[in-house]
1. Please find, within region 44-71, the residue that is surrounded by the fewest Cβ atoms within 10 Å (Cβ to Cβ) out of those that are at pLDDT below 95 and out of contact with any helix residue (DSSP H, G or I) (no Cβ under 8 Å at 6 or more places or on another chain).
2. Pairs needed: first member in region 42-55, over 13 Å from ALA121 (Cβ atoms); second member anywhere, basic (Lys, Arg); C-beta distance under 7 Å; at least 6 residues apart or different chains.
3. Looking at (1) in contact with a strand residue (DSSP E or B) (Cβ under 7 Å, 6 or more places away or on another chain); (2) on the phi > 0 side of the Ramachandran plot, which is the one condition that is false for LYS78?
4. Has region 117-129 got any residue that is farther than 22 Å from LEU27 by Cβ, surrounded by fewer than 16 Cβ atoms within 10 Å (Cβ to Cβ), at pLDDT 95 or above and among the basic types (Lys, Arg)?
Amino acid sequence: MNRIEYHVLKRAMIKTGILNPQLLSLLARVRHTNTLVIADCGFPFWPQIETVDLSLVDDVPTVRQVLAAVRAQCVFGKAWMAKDFLQHNPPATRRAFAAAFRGMALTHEPHLDFKRRVSQAIGLIRTGDTTPFGNVILESA
């Protein structure tokens, strides 16, 4: 490859934001009121839902890191988490998650209700997060 070909190729590549092509493809298909799940490392596999697995090792990446990256790309107006999250995490963790949802309507609901929403999602992003019940469902605005 000569120098000119290299520079043309370099300009065609994504330089900032989300770099994962599978995740970008999924986000490009999110439409008004579609939901998207961002899940921890222990979340069950849902064969009927497209899954983008970003997990590397424990807590890499976290749900909050993926949430921040996804929110920079898309507009979400509502979010859901299981009530169990509030019961199984310390105040500092609860505050950190609440800050990540700033500007969105966040509802904590019974775990079974949360799980019922999952099957309606357009996709699921699996992270390496180990936060108990740190799973999130986002609804596009």
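The values are calculated or read from the model by the stated rules, or taken from the named source; none is laboratory data. Because the structure is a prediction, the values reported are computed rather than measured. All Cβ positions, even for glycine, are placed from backbone atoms using ideal geometry, and neighbour counts span all protein chains on display.
1. PRO47
2. Hits for this filter: ASP53/ARG126; LEU54/ARG126; SER55/ARG126.
3. With (1) in contact with a strand residue (DSSP E or B) (Cβ under 7 Å, 6 or more places away or on another chain); (2) on the phi > 0 side of the Ramachandran plot applied to LYS78, the lone miss is (2).
4. Scanning region 117-129 turns up no residue that is farther than 22 Å from LEU27 by Cβ, surrounded by fewer than 16 Cβ atoms within 10 Å (Cβ to Cβ), at pLDDT 95 or above and among the basic types (Lys, Arg).
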